[in-house]
């Protein structure tokens, strides 16, 4: 009688954890889903927060008008953009529209000097200088009038004490992201080199180096105010950032 060789896998039951092909396919699919979710979370940090829609109808219509406005120019009525784009050294007046975008309706008269306008597609968003984009929502005053919280300790502060040149969060200096008031503070440069996947290390300098007359960030974002009692705006720092 002739012997017939039968493959062993067809005779004995093989546990699922030993089926390498199926495990490999499941692992690849799982990694793909995780990568996709990670990209969505990273991209969502650059989009305007949906909480701005909870503002009143008046501020909501003003916000919509600002978002649909053409690219900013130096004579724009947005005070932050004017301070960012003009070089005549004039002190612009605060605007409730810009304050509404930032989410802080009680922003002090000089608070706009600590922010810049970032264009994201057809949107314009006012962002405080020196913060990480991952912390953007934590520096946006909510409609519920909740207080600001120190990033490290969670201590509650009034929003008018943010960037008031007095250190209320000495542990991390998170209440003074745009000033040099805190010894432990960090100023995060506006330019952040990122891999196309979103990975990268945050580029920062000690907050004591802000507006000291020396260009420390490769894009010069740490120098925007006159120093030493000089009323003339500082000369723009050369952009030496490398994207490669």
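Laboratory data are not the source of any read-out in this text; all were calculated from the coordinates shown. For clarity, every value in this text was computed on a predicted model and none was experimentally measured. Methodologically, a virtual Cβ is constructed for each residue, glycine included, from the backbone with ideal geometry; neighbour enumeration extends over all protein chains shown.
Each residue, residue 153 and residue 193, gets one label point 7 Å from its Cα in the Cβ direction; the gap between the two is 3.5 nm. The simple Förster model, with R0 at 45 Å and r as the Cβ-Cβ distance, assigns residue 133 and residue 5 a FRET efficiency of 0.10. Between residue 145 and residue 241, the C-beta separation translates, for a Förster distance of 30 Å, into a calculated FRET efficiency of about 0.20. In this rough spin-label picture, where each label sits 7 Å from Cα along the Cβ direction, the residue 20-residue 161 distance is 6.2 nm.
Here the gap between residue 38 and residue 201, fully extended at 0.36 nm per residue and compared with their Cα-Cα distance, gives a gain of 57.0 nm. Inter-label distance, residue 119 to residue 219: 1.4 nm, where each label sits 7 Å from its Cα along the C-beta direction.
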